[in-house]
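Take a look at the structure below.
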Amino acid sequence: MSKLIQMRQRIKAIETIKKITHAMRLISMSLHSRLKHKQATLIEYRDTISTLLAKVQQTVPDWQHPIMHPTLTSQQNPLIIVIGSQKGLCGNFNTMLFQLLSHEVAEYKTKPVFIAIGKRVVDFIQENHPEQLIFSFEEFTARNFLSIAQQLIDIIMQASPSYSSVVVFGNTFKGFFTQKPIFSSLIPFNPASIPKSEPPHEGYIWDQSSTTVLNFIAQQYITAQLQHMLFESLLSEHAARFLSMDSSTRNADKLLETTKLEYNKLRQAKITKELTELIGSF
């Protein structure tokens, strides 16, 4: 009898877990669909800024930004921005990112400083590089990723001394079933990363100096790149969580079916034994 009670409790626990994973699967799919509708607009904005910067830069080929084009000195001050997830239960989404980060950080000759985005990343950096963490954003959702990008650009531009390099680690959205961890260099600014465009047919009329205008456009370009990387990470996170929760729900279904079958067999055997004993007593 005690074994039947234990199996009933186990069945209830599996049913509860199945309801939770199914609900999380629906939530992840809903959030992913909402973000997917915004993807085209964000990419168009990034490409427009890139094209504008490429055109304007061709008119001032000797332009140099003091922060985006740091000079090579013995005083190296690298910055690494790591974008992960706020919550778990998303498969190997964070694990693969941490493996790539650990491998690349080992190649650095100078210890970098970190900015962590997402609760899981904050915990990882605090555990492995606590003294190098200078800023963190534990809450990372679709509602605040634009404000995070703006705060990041403010930190980079206002740093003293300025950073010798800025590298961003995160996940990119290759497809709904494929999310790949990558890293991208923002500083030093590489003009070759901008798609080439046709030079303007007519010269620009500069209301301000060309350097001031280019500095502003370049800052907007870096901001657009950060926004896109944050967005890609969110899109990848919800896809990875859906796949993980979908797999968990299907596993719960199989386990529930097996457990119920075993419970019914044990219950039937118990009933048969009791009937046999009752008949034998007559």
Scanning the stretch 90-103 for residues that are crowded, with 17+ Cβ neighbours inside 10 Å and either among the charged types (D, E, K, R) or outside any helix (DSSP H, G or I) (or both), the one nearest to the chain's Cα centre (by Cα) turns out to be CYS90
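Being farther than 22 Å from VAL166 by Cα, modelled with pLDDT under 90 and over 15 Å from the mean Cα position of the chain (by Cα) is true for just one of LYS111, LYS55. Which residue is that?
Details: LYS111 fails: farther than 22 Å from VAL166 by Cα.
Every option except LYS55 fails the conditions.
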For the stretch 83-96, check the following and say yes or no: at least one residue is farther than 17 Å from MET229 by Cα and among the aromatic types (Phe, Trp, Tyr). no
Of all residues in the stretch 104-137, how many are part of a helix (DSSP H, G or I) and more than 19 Å from SER233 (Cβ to Cβ)? 6
Kindly indicate the residue of the stretch 32-46 that is of a type in the set (Lys, Arg) and surrounded by 14 or more Cβ atoms within 10 Å (Cβ to Cβ) and also farthest from PHE231 (Cα to Cα) among those meeting that condition. ARG46
Can you name every residue in the stretch 136-156 that is surrounded by fewer than 17 Cβ atoms within 10 Å (Cβ to Cβ) and either under 23 Å from GLN219 (Cβ atoms) or touching an Asp or Glu at 6+ places or on another chain (Cβ under 8 Å) (or both)? ASN144, LEU146, SER147, GLN150, GLN151, ASP154, ILE155
Which residues, counting only those in the stretch 19-31, are touching an Asp or Glu at 6+ places or on another chain (Cβ under 8 Å) and loosely packed, with under 15 Cβ neighbours inside 10 Å? none
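If you check ARG34 against the conditions, is it farther than 21 Å from LEU186 by Cβ, part of a helix (DSSP H, G or I) and in contact with an Asp or Glu (Cβ under 9 Å, 6 or more places away or on another chain)? Step through it out loud before you land on a result.
Details: farther than 21 Å from LEU186 by Cβ: yes; part of a helix (DSSP H, G or I): yes; in contact with an Asp or Glu (Cβ under 9 Å, 6 or more places away or on another chain): no.
When the stated conditions are applied, ARG34 does not pass them.
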Looking only at the stretch 248-262, which residues are closer than 27 Å to HIS32 by Cβ and either acidic (Asp, Glu) or at pLDDT below 90 (or both)? ASP253
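Taking into account only those residues within the stretch 128-183 that are out of contact with any strand residue (DSSP E or B) (no Cβ under 7 Å at 6 or more places or on another chain) and β-branched (Val, Ile, Thr), which is modelled with the lowest pLDDT? Before you say what the answer is, go through the steps one by one.
Step one: filter the stretch 128-183 for residues out of contact with any strand residue (DSSP E or B) (no Cβ under 7 Å at 6 or more places or on another chain), giving 128, 130-131, 138-139, 141-147, 149-151, 153-154, 157-162, 175-178.
From the residues that got through so far, the ones that are β-branched (Val, Ile, Thr) too are 141, 153, 178.
Numbers: THR141: 89, ILE153: 91, THR178: 83.
The residue in question is THR178.
Conditions tested, residue by residue: (1) surrounded by 11 or more Cβ atoms within 10 Å (Cβ to Cβ); (2) of a type in the set (Gly, Ala, Ser).
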{"site": "SER209", "(1), (2)": "no, yes"}
{"site": "ALA218", "(1), (2)": "yes, yes"}
{"site": "LEU235", "(1), (2)": "yes, no"}
{"site": "PHE242", "(1), (2)": "yes, no"}
{"site": "ASP253", "(1), (2)": "yes, no"}
{"site": "THR259", "(1), (2)": "yes, no"}
{"site": "GLN268", "(1), (2)": "no, no"}
{"site": "THR272", "(1), (2)": "no, no"}
For the stretch 254-276, pairs from a residue that is farther than 26 Å from LYS18 by Cα to a residue that is hydrophobic (A, V, I, L, M, F, W, C) and part of a helix (DSSP H, G or I), with Cβ under 9 Å and 6 or more apart or across chains, are LYS270/LEU4
Could you tell me which of the residues ILE67, ILE49 is part of a loop (DSSP other than H, G, I, E, B), touching a residue at least 12 places away in the same chain (Cβ under 8 Å) and surrounded by 17 or more Cβ atoms within 10 Å (Cβ to Cβ)? ILE67
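Just to be sure, is SER244 more than 14 Å from GLY91 (Cβ to Cβ), part of a helix (DSSP H, G or I), touching a residue at least 60 places away in the same chain (Cβ under 8 Å) and not hydrophobic (A, V, I, L, M, F, W, C)? Give the derivation first.
Numbers: more than 14 Å from GLY91 (Cβ to Cβ): no; part of a helix (DSSP H, G or I): yes; touching a residue at least 60 places away in the same chain (Cβ under 8 Å): yes; not hydrophobic (A, V, I, L, M, F, W, C): yes.
Answer is no for this residue.
The values are calculated or read from the model by the stated rules, or taken from the named source; none is laboratory data. For clarity, every value in this text was computed on a predicted model and none was experimentally measured. Glycine also receives a Cβ, built like all others from the backbone with ideal geometry; neighbour counts cover every protein chain displayed.
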